[in-house]
Number of protein chains: 2
Amino acid sequence: MGDSGESAGRAAPSGRKDARRNRETLLDAAATVFVTSGVDAPVRDIAAKAGVGLGTIYRHFPTRADLVIGVYRHQVDACADAGPALLATGSPYTALGQWIDLFVDFLVTKHGLAAVMRPDNADFEALHTYFLDRLLPVCTELLDAAAVTGEIRPDIDAYELMRGVGNLCIGAESDTRYDARRMAGLLVAGLRRPHA
Amino acid sequence: MGDSGESAGRAAPSGRKDARRNRETLLDAAATVFVTSGVDAPVRDIAAKAGVGLGTIYRHFPTRADLVIGVYRHQVDACADAGPALLATGSPYTALGQWIDLFVDFLVTKHGLAAVMRPDNADFEALHTYFLDRLLPVCTELLDAAAVTGEIRPDIDAYELMRGVGNLCIGAESDTRYDARRMAGLLVAGLRRPHA
DNA sequence: AACGATACGGAACATTGTTCCGCTTTTGCA
DNA sequence: TGCAAAAGCGGAACAATGTTCCGTATCGTT
């Protein structure tokens, strides 16, 4: 569905035809390179893969975060949309857990993406902002619902939870001894209201 | 490369006098720079602060991880030593929680240190290894003790917990909306044995 | 076809880690 | 003390990467 067009994404098809084509080519190339080399792949690699110059890549995507957003926007949106859906299928706490699992899976399967979501990384501020804009409302909704039913403590901030879960996913894809899903599950378990 | 003797830190005073002095100077300078610019500060900054050339810094500390270890070794050791002490003062679960708090405080107050503990960062493998060597046995001890008393689930791996807590601390020092300590507390709370 | 606007490519620049080597200082010994 | 070898030093030079800039090529319109 059409969201309020902004930031980086597909707005009204504007500009020259070749420019539009290059934009697509770049997104495709980036997606491919991200899979093999992670989201930290050198800009030159992406440009080479797309067969364009460096100037072109920077014109279309002023910062790398814009490129990453372009590539993963759909998946982030899908994750956001899944929140309300899950909420409709079971208890709020269960839904929250499942939604977090979805988020963790998304991050863990994208090499380096979690590491890049840190807000102290000025280069990726746009990415951080996009994730938050999209997912924070959903997380808040789930959290509130679970708090209302009394399944979890009511004093948890969605932002903190998202940051925490995001952090837990860092480096998970390259460490067989570490299971980010498990840790995220523990964190969510920690949200439960302390039993009397 | 194979350093003489220990990985990094103070070994038996060996070599020339000026070399030993430079080593200390370098550690002092690094400590100062780390506080103001984080552990990712450019090597050149540290060299400049210490008033030595680049060659000198790389000779004394083949990798940056060695320098970081040299600077924080004492504090890591102190944290390790605190484990058994805490265990003697209260219930294992309480001790575990307090020990984790200690660890979190340590990481959070050192700009960028947590981010550098990731094992997927080849440059800092030595640092990662040092932390693990020193802290993993302590964490295991606390975990086991708390499992024996039945306060927590018995299926938690110390390595995973340390990685998880370490990750939770990433970027915490520059984000006022995020409290790593709180998140670590949640994670520890999640360890509790599920109530029947 | 001509022309102005738009976009392109890639050289050039900036930052930072790391290596290498000629020069200096220290140390051991006669 | 004097001296030569060993040990250490400084920083230029190299490599990898992000980013900017501008002369040139292409597109769309008249």
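The values are calculated or read from the model by the stated rules, or taken from the named source; none is laboratory data. If you're wondering where the values come from, they're calculated on a predicted model, not measured in any experiment. Cβ placement follows ideal geometry from the backbone for every residue including glycine, while neighbour counts extend to all protein chains displayed. Accessible surface is based on the protein model in full, side chains and every heavy atom, while ligands, DNA and RNA are left aside. Shrake-Rupley method; radii C 1.70, N 1.55, O 1.52, S 1.80 Å.
The set of residues in the stretch A:170-193 being in a loop (DSSP other than H, G, I, E, B) and more than 8 Å from chain B (Cβ to nearest Cβ) consists of A:Thr176, A:Arg193. The single condition among (1) modelled with pLDDT under 95; (2) away from DNA strand C (no atom under 11 Å from the Cβ) that B:Leu102 does not meet is (1). Only a single item in (1) open to solvent by 20 Å² or more (accessible area, probe 1.4 Å); (2) over 30 Å from B:Thr36 (Cβ atoms); (3) not basic (Lys, Arg) is not met by B:Leu161, and it is number (1).
Any residue in the stretch B:79-100 that is under 16 Å from B:Thr129 (Cα atoms), open to solvent by less than 40 Å² (accessible area, probe 1.4 Å) and assigned to a helix (DSSP H, G or I)? Within the stretch B:79-100, one or more residues are under 16 Å from B:Thr129 (Cα atoms), open to solvent by less than 40 Å² (accessible area, probe 1.4 Å) and assigned to a helix (DSSP H, G or I).
Using beta carbons and a limit of 6 Å, which pairs, at least six apart or on different chains, have the first residue in the stretch A:49-67 and more than 9 Å from DNA strand D (Cβ to nearest atom) and the second one among the basic types (Lys, Arg)? Qualifying pairs under 6 Å: A:His60/A:Arg23.
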